[in-house]
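Notes follow once the structure below has been shown.
The values are calculated or read from the model by the stated rules, or taken from the named source; none is laboratory data. Because the structure is predicted, anything quoted here is derived from the model rather than measured. Virtual Cβ from ideal backbone geometry, glycine too; neighbours counted across all protein chains shown. For the accessible areas, the whole protein counts, side chains as well, though only heavy atoms, and no ligand, DNA or RNA atoms are used. Shrake-Rupley method; radii C 1.70, N 1.55, O 1.52, S 1.80 Å.
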Number of protein chains: 2
Amino acid sequence: MSKYQIVFQPSGRRGEVEEGATILQAAQSLGVGIEAACGGAMVCGKCKIIPEFGTFDKLGLSSAKEHISPLSTVEEKILTAEEIHKGVRLACCVHIKGDLVVSVPKKSQSAKQVVLEAGSSRQIAIKPAVKSYFLRLTPPTLEDPMDDQQRLLRALYESTGLGDITLDYTVLCKLSQVLRENNWEVTVTLREDKQEIVRVRGGDYSRKLGIAIDIGTTTLAAYLCDLDTGELLQKASRMNSQIGYGEDILSRVSYATSNPDGLQTLHDIIINDVNELATELTAGIGGTPEDVDEMVLVYNTVMHHLALKLYPGYVGRSPFAPVAAHALDIKARDLGININPAGWVHSLPIEAGFVGADNMAVVIAEEPYNSDKIKLIIDIGTNGEIDLGNRDRLLCTSCATGPALEGAQIKFGMRAAPGAIEGVKIAKETLEPSYKVIGNDTWYPELEVTGALGICGSGIIDVFAALYEAGIVGKSGRINNKLDTPRIRRDENGKWEYVLAYAKETGIGQDIVVTQADIRAIQLAKGAIYVGAEYLLNKYGIDHVDEVILAGAFGSYINKRSALVMGMFPDCDLDNIHAVGNAAGDGARIALLNIDKRHEADEIARKVEFVETAAEPDFQEHFMEAIAIPHAKARFHHVTKQ
Amino acid sequence: MSKYQIVFQPSGRRGEVEEGATILQAAQSLGVGIEAACGGAMVCGKCKIIPEFGTFDKLGLSSAKEHISPLSTVEEKILTAEEIHKGVRLACCVHIKGDLVVSVPKKSQSAKQVVLEAGSSRQIAIKPAVKSYFLRLTPPTLEDPMDDQQRLLRALYESTGLGDITLDYTVLCKLSQVLRENNWEVTVTLREDKQEIVRVRGGDYSRKLGIAIDIGTTTLAAYLCDLDTGELLQKASRMNSQIGYGEDILSRVSYATSNPDGLQTLHDIIINDVNELATELTAGIGGTPEDVDEMVLVYNTVMHHLALKLYPGYVGRSPFAPVAAHALDIKARDLGININPAGWVHSLPIEAGFVGADNMAVVIAEEPYNSDKIKLIIDIGTNGEIDLGNRDRLLCTSCATGPALEGAQIKFGMRAAPGAIEGVKIAKETLEPSYKVIGNDTWYPELEVTGALGICGSGIIDVFAALYEAGIVGKSGRINNKLDTPRIRRDENGKWEYVLAYAKETGIGQDIVVTQADIRAIQLAKGAIYVGAEYLLNKYGIDHVDEVILAGAFGSYINKRSALVMGMFPDCDLDNIHAVGNAAGDGARIALLNIDKRHEADEIARKVEFVETAAEPDFQEHFMEAIAIPHAKARFHHVTKQ
């Protein structure tokens, strides 16, 4: 098998790849971020790149057209005539047959995510899973030659009354040296519910560290905490490096189950992300990951399986049975996580089907089960989870929101990163927009050149509501092409679109538009949430809720009024709609700091009633009503009275 | 750092070594067996080799004297003038400074051990630690989407009533596929006392495999058993590959504690031996090590620490506290042992100090604690362990036998391997010997050329007793030089020696002699055993025992009459002396097949009274009496009446 040199521009990353690999595979193996929402399944058309010919001077290439496979029928279908003329190709379709330079246009580069890390003000009672005890041992003599392990356990018993305790094997390996090097004065760290000593260290050292991580499909948010004080010592976030294997989780399940080492590969990638976060967090306090004794992980059900290396092939298809729904405690070393190898990694329980540990984290953070008021909790992500209820009863469902609300499947959609349009208003009289981009507080048109790169989730909600309120789109979602503005125009295929930003304002050299197809995609997404919430209300036997809680990084950025205008959820007084940020991350921290909350989660997870909406006989009818703007039945007074 | 080519002859093994390494280190790293009883501490003088100069033709060496370090003062002291003249060097003293060919003389090559594997006729009640249950599960549906783990546990509970069971993490990883690929009909293997499922496999498959290994300082003996029938399916043995790091355990402790990765190195070596044995055993029945669910290990206290990677620096020095004396259960994967990664490796308990799990195995095999008669159990190895008692009381001690009885520290001593003199008689009238070597049933002088290479343990006992009975050595152990035979002569230093075999009979081209120093070394060894047994008798308050049991591979080869003649243990009727072979291996198998015997071992280990003989005030006096032949106080009637 021949190997060829490949260089990606503008990053300059280079390396060797095997003949026949696709440019997308080469990019993945070299760590070059190329957008590939479909995970290389040749459907999303996001991975546009331009193979450059004749520029690989050192190798003296005169022509390199033979160095790539010819245009495929997939590319002929997805790419425009103009793109083909310019030499644009899809990275997933081009097979490498020789040395190559590849140019990755700005739009195809996957950008660094902005992650919400709102400092939580929730009160958390501190009751960690690990406790520590300082012990003074009497050294062995010929008269008392008891082994080190029993000597330690005897001292622990004499000092605390705790018996029937074991030592983790890795602790035993170092025990004799730790005892003698510290003159028989040590602190033991006990994982209390396991009755197991997970660390023995010198002196009277009581500080214990823990890490909680919310492993999202797209982003990981990690928190380093002092387990005794509950203090948040450091936080960090990063992209989920599995992105290169598909933006949506089903692409990753497909990768994990259809490649021989697919699951191992994706597992290794996410564990490496976790380890890098642990290293970053502990470096921030001058330590190492090995100092950390406990970890809590939350995630959706698929990331749960991928992170724990549990076969994910069945959780994604009916009847959606996970490998293990209960909370799990797994030794860090068994997962390859680089904290104290004797430490435990706690995974919060899965509720049901697609309602995962991350939603359980939201639930233990919001505690609807301790509330008299009926709360509707919407955790918006690629997969939406909805909980409804109070202390009497708690229901949940999942809805296939799709990635539209996060910017995918939208012509100019992008993730929330600098350059993304995040807020939009449209004047009713002129139909002219004003908008702002992430990274700049000035609104267009004051800022004539905005450098906009696309539209992120909150911008999409805003523009959608603004288009409706300006009368540009009607209740059905159709663009009103009778209006007198050059911003409403036909695209090359004769479909109507609204120009949000002209090429000269942007950073991509082309008009940023909202297409009829975009509007349809958003309607489907918001309709999925609405119909899910509606079924829960029906099931509970109520027709309104006391409080709406929008969770998720996305949830804290969006304009809640816009969300209400578009009919994302049943009508509610604006004052009773709250965006709570990354509640899943907060819940993970809560579980890290308080072991009772873990038990609470495991208990509640079994009590929550899961409602499978797609199985309801009248689902289609309800869903068609739900995609109208706002909902066909919505009273809407809470917005109009503003 | 430069690297050089080195080639060992006659094996032909070659490789690269770093400048400055000794030839012994090079041999160890390339797997070339060179005798090094002291582990490279430059004291035993066994590692004689001859660097060859000018023969490394391909590299065109004209002279290579500069390729090695010059003669050291240690070598000047240990080597004879003749050896130095011949170019003999000590492998531990020569540092490599260039490409080199090294010739390893026959005497310096470490030989393959003959291991006793006497089929045991002991009755073992079968009650293994693991049990298996066949389960039929109902597949999940949308109405019953319970996760796979709970589904399995529910089926187990419904079928057996067993609750509160967990699954090992590695079992969980594969669970969903195993269930579906086998149409929801599986057999679970439960480690009952841990309440943990260690295997789930398809169909109704109840056979479970286990391996017991006696890890000796010199040899490993391994047994593959069917855990349901108790049948011994395969057995295998091999050298302990740590031999290259020192023949005696203290050399290895020294290596493990004075080199940065010393413990890891020795651990890896022994685990590799264990894994190779597991592969060999299971290949014998057409399987793989992964098929094995349970393992039991026994060993002396130092091999215990080295095999489990527990720091061995303190168990070898006063007050001899081990890291962990109780029985241990450690996951196979944590030890790097290649059986079922979810399986457990059980380590029998340490009794005290140098009385290890191997002696506990002997004790549960012999069960003195269930006997009315008082038994004296002597497990002879490099370190001797002695147990004395019956159901009323059980005492034990260890004695620093040293390796003399196994052939080390003896001028022509060698391990029990083909070519070793294993049996000796001396005619009282002529003072002429007859002897036989391992691998040939004919005795000298009928077989004129015996090809003898040296004397092994049983031969040493025999020649010692024969020299005494022929009057060649007296009670004090001194050689009687007044006797008229050319076989009694002075060596080059004027010391007396007895010629057992002339050069022309042997396979080494030189006379095999028994020196005055050899006799002294054997006296010290047998005296150590005698005095240990004597202290136990005193402590128990008796002056004779009902039965003497000689355990250990060595114990079943020796002539028990010779051992009695030489005064190795207190007088006893010959009919009541029994050699039971590798009782430690038998005990390991017993613990593998019956979990109650493990509990029995842990219980007895705490009840056995350890007697520290060296701490007794009159030890020296007793010891001096004990080295006489036979013991100064011995009644000796049981031999003389024969």
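Table for the structure above
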{"item": "Residue in segment A:479-486 that is in contact with a helix residue (DSSP H, G or I) (Cβ under 9 Å, 6 or more places away or on another chain), closer than 14 Å to A:Ile426 by Cβ and in contact (Cβ under 8 Å) with a residue 60 or more places away in the chain present", "result": "no"}
{"item": "Residue under evaluation B:Asp379, criteria (1) touching a residue at least 60 places away in the same chain (Cβ under 8 Å); (2) away from chain A (no Cβ under 14 Å); (3) open to solvent by less than 10 Å² (accessible area, probe 1.4 Å), criterion not met", "result": "(3)"}
{"item": "Lone unmet requirement of (1) within 20 Å of A:Ala342 (Cα to Cα); (2) outside any loop (DSSP other than H, G, I, E, B); (3) touching a residue at least 40 places away in the same chain (Cβ under 8 Å) for A:Leu153", "result": "(3)"}
{"item": "Count of segment A:257-281 residues which are polar (S, T, N, Q) and in contact (Cβ under 8 Å) with a residue 60 or more places away in the chain", "result": "1"}
{"item": "Flag for A:Lys131 being within 27 Å of A:Ile590 (Cα to Cα), more than 14 Å from every other protein chain (Cβ to nearest Cβ) and among the basic types (Lys, Arg)", "result": "yes"}
{"item": "Selection within segment A:73-100 - out of contact with any strand residue (DSSP E or B) (no Cβ under 6 Å at 6 or more places or on another chain) and without any contact (Cβ under 8 Å) to a residue 24 or more places away in the chain", "result": "A:Thr73, A:Glu76, A:Lys77, A:Ala81, A:Glu82, A:Ile84, A:His85"}
{"item": "Contacts under 6 angstrom Cβ, first residue in segment B:178-204 being closer than 27 Å to B:His599 by Cβ and charged (D, E, K, R), partner at pLDDT below 95 and open to solvent by 50 Å² or more (accessible area, probe 1.4 Å), 6 or more apart", "result": "B:Glu192/B:Lys131"}
{"item": "Single unsatisfied condition, B:Tyr311 versus (1) more than 9 Å from chain A (Cβ to nearest Cβ); (2) surrounded by fewer than 24 Cβ atoms within 10 Å (Cβ to Cβ)", "result": "(1)"}
{"item": "Check on B:Gly477, farther than 25 Å from B:Glu35 by Cβ, assigned to a loop (DSSP other than H, G, I, E, B) and not assigned by TED's automatic domain parsing to the domain that holds B:Ile374", "result": "yes"}
{"item": "Yes/no for A:Lys560 being of a type in the set (Lys, Arg) and modelled with pLDDT under 90", "result": "yes"}
{"item": "Failed item in (1) over 21 Å from B:Gly210 (Cβ atoms); (2) more than 14 Å from chain A (Cβ to nearest Cβ), with B:Phe354 passing the rest", "result": "(2)"}
{"item": "Residue within segment B:335-349 that is in contact with a His (Cβ under 9 Å, 6 or more places away or on another chain) and either farther than 30 Å from A:Glu143 by Cβ or free of Cβ contacts under 8 Å to residues at least 24 places away in the same chain (or both) present", "result": "yes"}
{"item": "Per-region count, segment A:314-336, residues β-branched (Val, Ile, Thr) and surrounded by fewer than 24 Cβ atoms within 10 Å (Cβ to Cβ)", "result": "1"}
{"item": "Selected residue [in contact (Cβ under 8 Å) with a residue 24 or more places away in the chain, under 20 Å from B:Tyr311 (Cβ atoms) and of a type in the set (S, T, N, Q)] from B:Ser241, B:Ser254", "result": "B:Ser254"}
{"item": "Flag for A:Pro145 being open to solvent by 30 Å² or more (accessible area, probe 1.4 Å), at pLDDT below 90, in a loop (DSSP other than H, G, I, E, B) and within 14 Å of another protein chain (Cβ to nearest Cβ)", "result": "yes"}
{"item": "Residue tally, condition open to solvent by less than 10 Å² (accessible area, probe 1.4 Å) and touching a residue at least 24 places away in the same chain (Cβ under 8 Å), over segment A:487-513", "result": "7"}
{"item": "From B:Ala420, B:Ala357, B:Ala361, B:Ala365, residue being without any contact (Cβ under 8 Å) to a residue 40 or more places away in the chain, open to solvent by less than 20 Å² (accessible area, probe 1.4 Å) and touching a helix residue (DSSP H, G or I) at 6+ places or on another chain (Cβ under 9 Å)", "result": "B:Ala420"}
{"item": "Selection count where residues are modelled with pLDDT of 90 or more and either open to solvent by 10 Å² or more (accessible area, probe 1.4 Å) or assigned to a loop (DSSP other than H, G, I, E, B) (or both), scope segment B:451-465", "result": "3"}
{"item": "When residues of segment B:161-178 are limited to those that are at the interface with another protein chain (Cβ under 9 Å from one of its Cβ atoms) and aliphatic (A, V, I, L, M), the one nearest to A:Asp334 (Cα to Cα)", "result": "B:Leu172"}
{"item": "Residue ID - surrounded by the most Cβ atoms within 10 Å (Cβ to Cβ), chosen from residues in segment A:383-400 that are outside any strand (DSSP E or B) and over 14 Å from the mean Cα position of the chain (by Cα)", "result": "A:Ala400"}
{"item": "Single unsatisfied condition, A:Ser318 versus (1) free of Cβ contacts under 8 Å to residues at least 24 places away in the same chain; (2) more than 14 Å from chain B (Cβ to nearest Cβ); (3) closer than 21 Å to A:Ala256 by Cα", "result": "(2)"}
{"item": "Residue ID - modelled with the highest pLDDT, chosen from residues in segment B:575-596 that are closer than 20 Å to B:Ser562 by Cβ and part of a strand (DSSP E or B)", "result": "B:Ile577"}
{"item": "Count - residues of segment A:156-179 that are in a helix (DSSP H, G or I), crowded, with 16+ Cβ neighbours inside 10 Å and of a type in the set (D, E, K, R)", "result": "1"}
{"item": "Strands (runs of 3 or more DSSP E) completely within segment A:1-94 that count 3 or more residues being open to solvent by less than 60 Å² (accessible area, probe 1.4 Å), at pLDDT 85 or above and not assigned by TED's automatic domain parsing to the domain that holds A:Asp491", "result": "A:48-52"}
{"item": "Enumeration of residues in segment A:337-350 that are open to solvent by 20 Å² or more (accessible area, probe 1.4 Å) and either within 12 Å of another protein chain (Cβ to nearest Cβ) or modelled with pLDDT under 95 (or both)", "result": "A:Pro341, A:Trp344"}
{"item": "Residue check, A:Ala325 touching a residue at least 24 places away in the same chain (Cβ under 8 Å) and at the interface with chain B (Cβ under 8 Å from one of its Cβ atoms)", "result": "yes"}
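Here is a yes/no grid of residues against (1) more than 30 Å from A:Ile421 (Cβ to Cβ); (2) open to solvent by 20 Å² or more (accessible area, probe 1.4 Å); (3) touching a Phe, Trp or Tyr at 6+ places or on another chain (Cβ under 9 Å):
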| position | (1), (2), (3) |
| --- | --- |
| A:Leu536 | yes, no, no |
| A:His544 | yes, yes, no |
| A:Ala563 | no, no, yes |
| A:Phe569 | no, no, yes |
